[in-house]
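First up is the structure itself, then whatever we jot down about it.
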Amino acid sequence: MTLERQRLIEGWIFLVLFCLTIPAANWMIGHVGTVCVGGGPCLIPVLPNPFGPTLMAPSAVVMVGVALVLRDLVQRRLGAAMGALAILAGAAISVALAPLSLVVASATAFILSEFADFAVYTPLARRRLVLAVVASSLVGLVVDSIVFLSLAFGSLDFLAGQVVGKAWMVLLSIPFVVCLRRRDERIGLTAA
């Protein structure tokens, strides 16, 4: 297999996975959690606190944190234009699949956070992949959390939990990104 073909195949795999995180997040927010708030999201623990209540977040944080990293990998393999198209496709999927009560919040938060991620990732990616993924994802997850919570629930009550939960997913992805970068350097596979 040529390196170009390998880059394209991996890019399309990352794109499909990225698109799958959106329906997964929309489903999880109403169905997965240790506690489901009536008229609100299902929550998961994201940070235990031995001195007080455990920090909780809407369960979709798991998928949103993964989506931010996958979008960066789509751009790395398929280019900036495809990364931007992935964001628009993701917003359309979000609108189509989000519960009616969350359509505006889900789509708006998705598009703003992913383009914030895009704006930070793009200038950093060629020189420092891991830094680009971490920095862009952190910006994206904060934007996503503030916008989504404000629009969906009119409250930032779960902001700390949202940020921590998404950050965990970004941190858990770093070993994969490091291995991907090392493998790319070893075999001579370049970013799009």
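The number of residues in segment 118-144 being more than 11 Å from the chain's Cα centre (by Cα) and not hydrophobic (A, V, I, L, M, F, W, C) comes to 6. Within segment 92-136, the set of residues being crowded, with 19+ Cβ neighbours inside 10 Å, of a type in the set (A, V, I, L, M, F, W, C) and more than 15 Å from Val69 (Cα to Cα) comprises Ile93, Ala98, Leu102, Ala105, Ala107, Ala109. Note on segment 25-80: residues that are over 14 Å from the mean Cα position of the chain (by Cα) and among the hydroxyl-bearing types (Ser, Thr, Tyr) total 2.
Filtering segment 6-18 to residues that are under 14 Å from Ala89 (Cα atoms) and surrounded by 18 or more Cβ atoms within 10 Å (Cβ to Cβ) leaves Phe14, Leu15, Phe18.
From the list Gly30, Gly40, Gly65, exactly one residue is touching a residue at least 40 places away in the same chain (Cβ under 8 Å), in a loop (DSSP other than H, G, I, E, B) and not acidic (Asp, Glu). Which is it? None of the others qualify; the one that does is Gly40. Taking the conditions (1) surrounded by 18 or more Cβ atoms within 10 Å (Cβ to Cβ); (2) in contact with a Lys or Arg (Cβ under 6 Å, 6 or more places away or on another chain) in turn, Ala191 satisfies each one other than (1). Scanning segment 44-62 for residues that are aliphatic (A, V, I, L, M) and surrounded by 23 or more Cβ atoms within 10 Å (Cβ to Cβ) turns up Val46, Met56, Ala57, Ala60, Val61.
When only residues in segment 145-192 that are hydroxyl-bearing (Ser, Thr, Tyr) and under 30 Å from Cys42 (Cα atoms) count, which is farthest from the chain's Cα centre (by Cα)?
Within segment 145-192, the first condition is being hydroxyl-bearing (Ser, Thr, Tyr), and the residues that meet it are 145, 150, 155, 173, 190.
Keeping just the survivors that are under 30 Å from Cys42 (Cα atoms) gives 145, 150, 155, 173.
Details: Ser145: 11, Ser150: 18, Ser155: 21, Ser173: 11 Å.
Checked segment 145-192; the qualifying residue farthest from the chain's Cα centre (by Cα) is Ser155.
None of the figures in this text is laboratory data; all of them are computed from the coordinates on show. Computed from a predicted structure; not experimentally measured. We place every Cβ from the backbone using ideal geometry, glycine too, and count neighbours over all the protein chains shown.
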